Amino acid sequence: LLALAAEHRLTLAVEDTTTVGALGARLSAALAATGGGTTVATFALPSGFLPHASRDQILGAHGLDAAGITTTVLKRLARASARD
């Protein structure tokens, strides 16, 4: 996974877990240790108590549904293009 991610400028890690200790955080740290230029964007739930709701409701409330992920990715790509 590390070698595959290193081939790209931006890697997305979408997880239905919390950001602390998540795969995206570990991948980001490993890529940074190699000195590569890959940015890892982690999409995950915040640490802390989450109110009771269905899985779909919780994911949607934190932008982890299709619409939320799409919006965030497009914004990140637009910012990256503006820097180039």
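Observations
- Looking across the range 32-70, just one residue is at pLDDT 90 or above, farther than 24 Å from L4 by Cα and of a type in the set (S, T, Y), and that is S54.
- Test for S81: is it open to solvent by 50 Å² or more (accessible area, probe 1.4 Å) and either within 26 Å of E7 (Cβ to Cβ) or at pLDDT below 90 (or both): yes
- Residues that are hydrophobic (A, V, I, L, M, F, W, C) and in a loop (DSSP other than H, G, I, E, B), drawn from the range 1-13: L1
- Filter result (more than 21 Å from A25 (Cα to Cα) and of a type in the set (S, T, Y)) within the range 44-70: S54
- If only residues of the range 14-45 that are out of contact with any strand residue (DSSP E or B) (no Cβ under 7 Å at 6 or more places or on another chain), assigned to a helix (DSSP H, G or I) and touching a residue at least 12 places away in the same chain (Cβ under 8 Å) are counted, the one that is nearest to T72 (Cα to Cα) is A30.
- Filtered residues of the range 51-77 (kept if of a type outside the set (V, I, T), closer than 20 Å to A41 by Cα and open to solvent by less than 70 Å² (accessible area, probe 1.4 Å)): L59, G60, G63, L64, D65, A67, G68
- Scope the range 1-44; condition hydroxyl-bearing (S, T, Y) and surrounded by 15 or more Cβ atoms within 10 Å (Cβ to Cβ); matching residues: T11, T19, S28, T38, T39, T42
The values are calculated or read from the model by the stated rules, or taken from the named source; none is laboratory data. Computed from a predicted model, the values in this text were never measured in an experiment. Please note: Cβ atoms are built from the backbone with ideal geometry, for glycine as well, and neighbour counts cover all protein chains shown. Side chains included, ligands, DNA and RNA excluded: accessible areas come from the protein's heavy atoms. Shrake-Rupley method; radii C 1.70, N 1.55, O 1.52, S 1.80 Å.
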